[in-house]
Amino acid sequence: ARVRHAAPLNRLLYVDLKTFLPCLNLAYTDKTSMAANLEVRVPFLNVELMELAARLPPRLKLRGLKRKYILKRAAEKLLPHHVVWRKKAGFGAPIRAWLRGPLRPLVEELLSSEQVARRGLFRPEVVARLIADNLSGREDYSLQVFQLLTLELWQRTFIDDAS
């Protein structure tokens with residue numbers, strides 16, 4: 001009920017708190033950290049801290065395009081300016097290294113010209129060129145090759161095996 005009367009930014013953050021964080025972000029972090037035998041802590045999810053943050057006015061959370069404004073202002077006293085105010089950097093999986101390393105035999109097998117022609121979804125010569133350019137380093141087609149590999153695995157699991 002209190003959320004209904006909150007500022008638009010705070011209402012959006014509430015939706016994020018109730019949907020994205022528990023269902024996607026935190027669940028993913030928990031699963032991947034457990035797979036690596038790590039215990040991840042999330043100190044900013046302390047209940048009292050979350051309640052305080054929810055009561056803060058939007059101008060302290062967002063200033064222009066600067067997110068987490070009040071947190072960054074507080075951190076300025078402890079960390080170098082360039083660390084506090086640097087651009088957000090997401091966590092990217094090392095797909096390129098995987099495709100050149102442990103996944104390379106799988107790519108060569110599942111995305112061979114013969115397999116691609118048999119599947120009939122893409123032109124084999126185009127897929128072969130993507131893979132070759134990616135492996136040589138001429139271009140970074142890692143994401144595209146990974147997507148093709150994922151699609152082929154999905155087809156084998158849900159289409160081929162289902163029939």
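The values are calculated or read from the model by the stated rules, or taken from the named source; none is laboratory data. This one's a predicted model, so the numbers in the text were calculated from it and none came from an experiment. Cβ placement follows ideal geometry from the backbone for every residue including glycine, while neighbour counts extend to all protein chains displayed.
For beta carbons closer than 8 Å, sequence separation of 6+ or different chains, a first residue in the range 81-104 that is surrounded by 10 or more Cβ atoms within 10 Å (Cβ to Cβ) and in a loop (DSSP other than H, G, I, E, B) and a second that is at pLDDT 90 or above and of a type in the set (D, E, K, R), the qualifying pairs are Trp85/Lys72.
What are the residues in the range 132-142 that are part of a helix (DSSP H, G or I), over 23 Å from the mean Cα position of the chain (by Cα) and not hydroxyl-bearing (Ser, Thr, Tyr), if any? Break it down into steps so the answer makes sense when it comes.
Going residue by residue through the range 132-142, those that are part of a helix (DSSP H, G or I) are 132-136, 142.
Right, trim to over 23 Å from the mean Cα position of the chain (by Cα) and you get 132-133, 135-136.
Scanning the range 132-142 gives Ala132, Asp133, Leu135.
Remark: pairs (first residue in the range 111-131, within 13 Å of Glu152 (Cβ to Cβ) and modelled with pLDDT of 95 or more; second residue assigned to a loop (DSSP other than H, G, I, E, B) and among the aliphatic types (A, V, I, L, M); Cβ separation under 6 Å; 6+ apart in sequence or on different chains) = Val127/Leu111.
Can you confirm whether the range 92-110 contains a residue that is touching a helix residue (DSSP H, G or I) at 6+ places or on another chain (Cβ under 6 Å), farther than 27 Å from Tyr28 by Cα and outside the structural domain of Ala7 (by TED's automatic domain parsing)? Yes, the range 92-110 has at least one match.
Taking the range 65-107 as the search range and keeping residues that are among the charged types (D, E, K, R) and under 22 Å from the mean Cα position of the chain (by Cα), which one is modelled with the lowest pLDDT? Give the steps one after another, and end with the answer.
Of the range 65-107, the ones among the charged types (D, E, K, R) are 66-68, 72-73, 76-77, 86-88, 96, 100, 104.
Then keep just the ones that are under 22 Å from the mean Cα position of the chain (by Cα); that gives 66-68, 86-88, 96, 100.
Details: Lys66: 83, Arg67: 85, Lys68: 88, Arg86: 90, Lys87: 85, Lys88: 79, Arg96: 91, Arg100: 93.
Here the residue is Lys88.
For the range 33-49, filtered to residues that are outside any loop (DSSP other than H, G, I, E, B) and at pLDDT 85 or above, the residue that is farthest from the chain's Cα centre (by Cα) is Glu48.
Kindly indicate whether Leu52 is among the aliphatic types (A, V, I, L, M) and within 23 Å of the chain's Cα centre (by Cα). Here the answer is no, as Leu52 does not meet what is asked.
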